[in-house]
Amino acid sequence: MTDFRRRMTACFAALLLAGSAGCATGNAASGGGFTADDTSPEGELLGDYLAGRYAYNIDDSEARLSYYMSAFNREPDNLVLGVKAVNAAISSGDVKVTQKLARRVSALSPDEPLSRLVLGAAEMKSGKYSAAAKRLEKQPDDPSLGVMIAMMEAWARHGAGDTDTALEIFDSIEVGGYFDVIATLQKAQIYGETGDDAKAMAAFDRVESTGVSPISMAIARARYQSLAGNIDAALKDLAQFDKETLGGVESGPIRTMLTALKAGKPAGKPLTAAQAASASLIDPASEFFFQQRGYDAAEIYLRVALMLNPDNQRAKLWLGATLERMERIVDAQAVYESVPRSSDYIVSSDLAYANLLVRNGEDDRAEAVLKRLVKEHPTFLVREALGLSYLIKEDYAAALPYYNAMLDSMTEAEIEENPTPLFHRGICLVESDRFEEAAVDFKRVLEINPDHADALNYLGYTWVDRGENLEEAFDMIRKALSLQPDSGAITDSLGWAHYKLGQYSQARVYLEDAAEKSPNSATIIDHLGDVYWRLGRFREAGYQWERALDFDPTDEERARIKAKLKGGLSAADDLP
């Protein structure tokens with residue numbers, strides 16, 4: 001957090017306290033302004049608390065921790081402030097500070113659940129399973145924390161050698177619904193470790209039948225089977241899962257495990273109880289809280305998972321996604337950057353990171369991330385992502401070689417299953433003035449999928465713009481619009497088709513509709529200006545062209561719009 005931003009946050013708190021109309025700095029004017037020296041200890045405490053609340057509302061984790069820590073330091077016996085400080089510390093990712101604060105809160109109230117989670121995780125990571133189990137044995141009132149504490153206690157009991165109690169705890173979680181299945185998956189792993197093969201496979205089969213946590217289930221079962229010496233069975237089951245559920249992954253933990261199994265090696269190493277507990281928290285975070293938009297709870301689960309096992313790269317991947325949803329972009333970037341290049345999750349992490357950079361308008365940085373990834377992992381998915389990044393930047397000349405390479409590497413069956421690269425290459429060809437080649441790609445896409453709305457629209461629009469095959473073009477665009485009636489781009493295409501035929505009144509209806517559907521499209525607003533000009537509504541035309549300049553038009557569009565603003569619609573005709 002910048003000093004300026006911190007000062008502004010502090011000013012906000014001061015305004016709430018003093019009812020001031022501004023933020024005073026330095027000495028107050030003779031009229032009696034608000035200064036730090038005038039504030040009572042109670043006022044300073046309240047100021048820190050309010051600033052911490054405000055920092056939470058704007059998702060500034062660093063400031064939130066700073067202010068809540070300050071408030072807790074001012075009143076060290078205040079349990080509520082202590083818990084808020086611990087919560088903020090968890091969110092900051094600073095494990096040492098989190099543990100220090102948790103110890104202070106635990107001294108105030110040994111039963112406080114958040115501090116018990118933090119300290120229990122530290123004890124489990126250090127192998128002190130009996131101490132962790134004792135600390136975690138009391139259930140809190142908060143059900144979301146209760147599930148986490150129960151899962152961790154059960155694994156701590158198992159780590160301490162009390163497997164029967166661990167299974168009993170997982171049985172207590174099996175109360176129906178989602179967490180029932182998650183608990184069964186933990187039991188399956190414990191049965192596998194203790195050599196009870198029949199119960200292990202029965203539990204794995206039960207989890208598989210629900211469709212819950214499929215990747216976690218497949219990884220856990222393959223690890224168990226292969227460590228038990230059943231390499232062939234593990235390979236058969238995992239290969240079937242990869243083909244039928246994932247469609248054949250090119251990278252990631254499943255691919256790494258398959259490679260090991262094919263070489264006759266186990267699919268991974270045995271997990272410690274702390275590592276197993278860490279893994280157990282990911283699916284509740286990603287498949288339950290994340291999907292229910294309970295991002296605060298998801299973050300706590302994932303942060304604690306990383307306290308238990310800092311090398312849990314899958315937890316980092318989901319933590320980054322959670323922080324993105326919370327619009328904590330800088331924090332998400334830091335998490336993605338922390339995934340090591342050797343990780344099985346580096347492809348997923350880098351793709352997420354690049355997507356985040358594109359969303360943030362940092363196209364060049366996204367391109368650099370993807371270029372490095374292509375060198376390290378030249379998979380189809382990665383090359384497609386880099387090609388798409390060039391499309392987004394409208395660098396069609398750079399994108400085209402990647403789509404050529406992708407399509408050259410694909411069989412006809414693969415193209416029929418996924419014609420998207422063919423469609424994207426068609427766009428590159430159109431924008432490179434190679435329309436005849438582009439038309440071949442678009443038509444091939446439509447042979448594969450006659451209801452591909454984007455291909456129908458792109459080919460139809462391009463024909464209209466070139467004045468070719470107008471009847472067929474109209475039919476294509478109308479069909480595309482029937483498939484996607486809320487699409488501003490397709491509605492614009494139909495309006496522009498009428499415009500090109502001189503049917504300006506009909507064009508106006510569609511273009512106005514398109515502008516309502518996509519109010520921030522420079523192309524659509526520019527088209528609307530053109531049709532207003534043709535209808536003699538010159539002032540409205542100029543207004544729309546001015547608006548179009550605010551919506552990031554291409555360089556060519558910008559030049560044409562500026563020419564029209566100076567000399568009317570015909571002035572753009574003189575441009576190259």
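Can you report the number of residues in the stretch 454-485 which are surrounded by 15 or more Cβ atoms within 10 Å (Cβ to Cβ), within 35 Å of the chain's Cα centre (by Cα) and not in a helix (DSSP H, G or I)?
Residues meeting the conditions: 1.
Six or more apart or on different chains, Cβ atoms under 7 Å: show the pairs whose first residue is in the stretch 391-412 and aliphatic (A, V, I, L, M) and whose second is in a loop (DSSP other than H, G, I, E, B).
Final answer for the pair search is 397/432; 400/432.
Could you check how many residues of the stretch 405-426 are under 18 Å from residue 443 (Cβ atoms) and surrounded by 14 or more Cβ atoms within 10 Å (Cβ to Cβ)?
Residues meeting the conditions: 13.
Kindly indicate which of 412, 376 is more than 27 Å from residue 557 (Cβ to Cβ), modelled with pLDDT of 90 or more and under 25 Å from the mean Cα position of the chain (by Cα).
Result of the check over 412, 376: 376.
I'm told residue 87 meets every condition in (1) part of a loop (DSSP other than H, G, I, E, B); (2) at pLDDT below 95 except one. Can you identify the failing condition by its number?
(1)
Within the set of pairs 6 or more residues apart or between chains, which connect a residue that is of a type in the set (Gly, Ala, Ser) inside the stretch 302-315 to a residue that is modelled with pLDDT of 95 or more and not in a helix (DSSP H, G or I) with Cβ atoms less than 8 Å apart?
Correct list of pairs: 305/281; 305/312; 315/281; 315/309.
So residue 330 passes all but one of these: (1) touching a helix residue (DSSP H, G or I) at 6+ places or on another chain (Cβ under 8 Å); (2) in a helix (DSSP H, G or I). Which condition number does it fail?
So the condition that residue 330 fails would be (1).
If residue 371 meets every condition in (1) assigned to a helix (DSSP H, G or I); (2) surrounded by 20 or more Cβ atoms within 10 Å (Cβ to Cβ) apart from one, which number is that one?
So residue 371 meets the others, but not (2).
Among the residues of the stretch 166-212, count how many are surrounded by fewer than 17 Cβ atoms within 10 Å (Cβ to Cβ), outside any loop (DSSP other than H, G, I, E, B) and more than 34 Å from the chain's Cα centre (by Cα).
So the answer is 5.
On the given criteria, is residue 331 under 26 Å from residue 377 (Cα atoms), among the charged types (D, E, K, R) and buried (at least 22 other Cβ atoms within 10 Å of the Cβ)?
Answer is yes for this residue.
The values are calculated or read from the model by the stated rules, or taken from the named source; none is laboratory data. Here the structure is a predicted model, which is why all the values come from computation and not from measurement. Virtual Cβ from ideal backbone geometry, glycine too; neighbours counted across all protein chains shown.
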